[in-house]
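The values are calculated or read from the model by the stated rules, or taken from the named source; none is laboratory data. What you are looking at is a predicted structure, and each value in this text was computed from that prediction instead of being measured. When we count neighbours, we look across all protein chains shown, and the Cβ atoms used for this are built from the backbone with ideal geometry, even at glycine. Ligands, DNA and RNA are stripped out before the accessible areas are found, and what is left, the full protein with its side chains, is counted by its heavy atoms. Shrake-Rupley method; radii C 1.70, N 1.55, O 1.52, S 1.80 Å.
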Amino acid sequence: SDQLSFGASGAFVDGKHHRATNAWLIGKPIHGTARWTGVLDVDYRPEFLPGFGLRGLVRYQGKAAIYNNQARDWTVYTPDVLLANVGGDYRFDVSGRELTLRWQVQNLFDTRYWNSGTATCCYSLSPGQPRTFSLDLSIGL
């Protein structure tokens, strides 16, 4: 309907190292890449509240391998994680300009999780983002 919309996406990645500077990595999953990921989202814009909208999103990321092949060969796996975000907006006019007030809560349930990535010299592992609140106002020009 015009008031309610849903979205879904997902991916399965079966990538493996075929060439590497360290032979130990051959055949192992790609660093920091989850095999399974998925997103479900919903957007609600009620007719009885013009300019107002709510949205929610749930994101799943499967476990991912983290390698340290600098000093010795070892593997750590990040656990799979399910994260939820909610937010909303309100659009209104002031002196002929459209303003949009937005709010969002990322990681709604303050889930503890790990991010994987690469730096210029080595593989990295860092804590995921804690629950984060944001509020912003945009002005149409």
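Which sequence of Glu47, Glu98 reflects their accessible areas, 1.4 Å probe, from the largest down?
Details: Glu47 135, Glu98 100 Å².
Descending order: Glu47, Glu98.
Hey, can you find the accessible area per residue of the chain for me, probe 1.4 Å, expressed in square angstrom? The partial results should precede the final answer.
Numbers: 9740 Å² over 141 residues.
Here the residues of the chain average 69 Å² of exposed surface.
Give me, ordered by chain and number, the residues 5 or more places off Glu98 or on other chains with an amide H under 5 Å from its own placed amide H.
Gly140
Of the accessible area of the chain, with the probe set at 1.4 angstrom, what percent is carbon plus sulfur? Please report the intermediate quantities before stating the final value.
Working: 5560 of 9740 Å².
Its accessible area is 57 percent carbon and sulfur atoms.
Where Lys and Arg each count +1 and Asp and Glu each count -1, what net charge lies around Ile139 among other residues with Cβ under 14 Å from its Cβ?
On the way: positive: Arg91, Arg97, Arg102; negative: Asp89, Asp93, Glu98, Asp136.
Net charge around Ile139: -1.
Would you check the accessible area of Arg35, probe 1.4 Å, heavy atoms only, in square angstrom rounded to 10?
110 Å²
Rg and Dmax of the chain, Cα atoms, in Å?
Radius of gyration, then largest Cα-Cα span, for the chain: 20.6, 66 Å.
Connecting C-alpha atoms closer than 10 Å in a GNM of the chain, tell me which of Gly128, Gly62, Gly51 has the biggest fluctuation.
Top of the fluctuation ranking is Gly51.
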